[in-house]
Amino acid sequence: HKIRSYRSEVTKALEDLRAAGKIGSSLQAAVRIQAEGEKFDLLASLGNDLRFVLICSETTLVKGKDALECSPLPHGKCERCWHVREDVGTHPEHPDLCERCLSNLFGEGESRACA
């Protein structure tokens, strides 16, 4: 399946980042993919779930000549989902959780379609 092939490209790039000592796990990384045509359309069809398929905390997908960039994230790690997110620690009653987990635990919860 093509999504698995694209995911393996990302996994290799994340492993290179891990081997260089810049991340400990893939959830500590942001992935930026530049793609065109069928590849872009297929990855775009995953919407916000792309980060779950790629097993990273943040993804950006833009149209353009194929390129892949992975970088460490400077944010805090959520104690529940282990994603590294800018919103970890913003809720005074739950300083170790991200807003996504707060919504899943105490609100309406997130809507996921693909992963």
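Every number here is computed from the coordinates shown, using simple stated rules; none is lab data. Bear in mind the structure is a predicted one, so any value in this text is a computation, not a measurement. Using ideal geometry, Cβ is built from the backbone for each residue, glycine included, and neighbour counts are taken over all protein chains shown.
So if we plug the beta-carbon distance of C114 and S5 into 1/(1 + (r/R0)^6) with R0 = 22 Å, what FRET efficiency do we get, rounded to 0.05? If you can, show how the numbers build up before the last one.
On the way: r = 16 Å, r/R0 = 0.75.
Result of the calculation: an efficiency of 0.85.
Note on the chain: GNM, Cα springs under 10 Å; of A29, A44, A20, the largest mean-square fluctuation is that of A20. Relative contact order for the chain: what is it in percent, counting Cα pairs under 8 Å that are at least 6 residues apart? That works out to 24 percent.
Taken as Cα centroids, the stretch 92-114 and the stretch 1-76 sit 23 Å apart, rounded to the nearest whole angstrom. Translational diffusion coefficient of the chain (Stokes-Einstein, Kirkwood radius from Cα pairs, 37 °C, 0.692 mPa s): 220 µm²/s. Which of T59, T90, T11 moves most in a GNM of the chain, Cα contacts under 10 Å? The residue with the greatest mean-square fluctuation here is T90. Once the chain from T90 to F52 is taken as fully extended at 0.36 nm per residue, the excess over their C-alpha distance is 11.4 nm.
Any of K39/K77; K22/K63; K12/K63 with alpha carbons more than 25 Å apart? Name them for me. Present the calculation step by step, with values, prior to reporting the outcome.
Details: K39/K77 30 Å; K22/K63 27 Å; K12/K63 22 Å.
In this structure, K39/K77; K22/K63 exceed 25 Å between Cα atoms.
Modelled this way, with points 7 Å down the Cα-to-C-beta line, the labels at N104 and K12 are 3.1 nm from one another.
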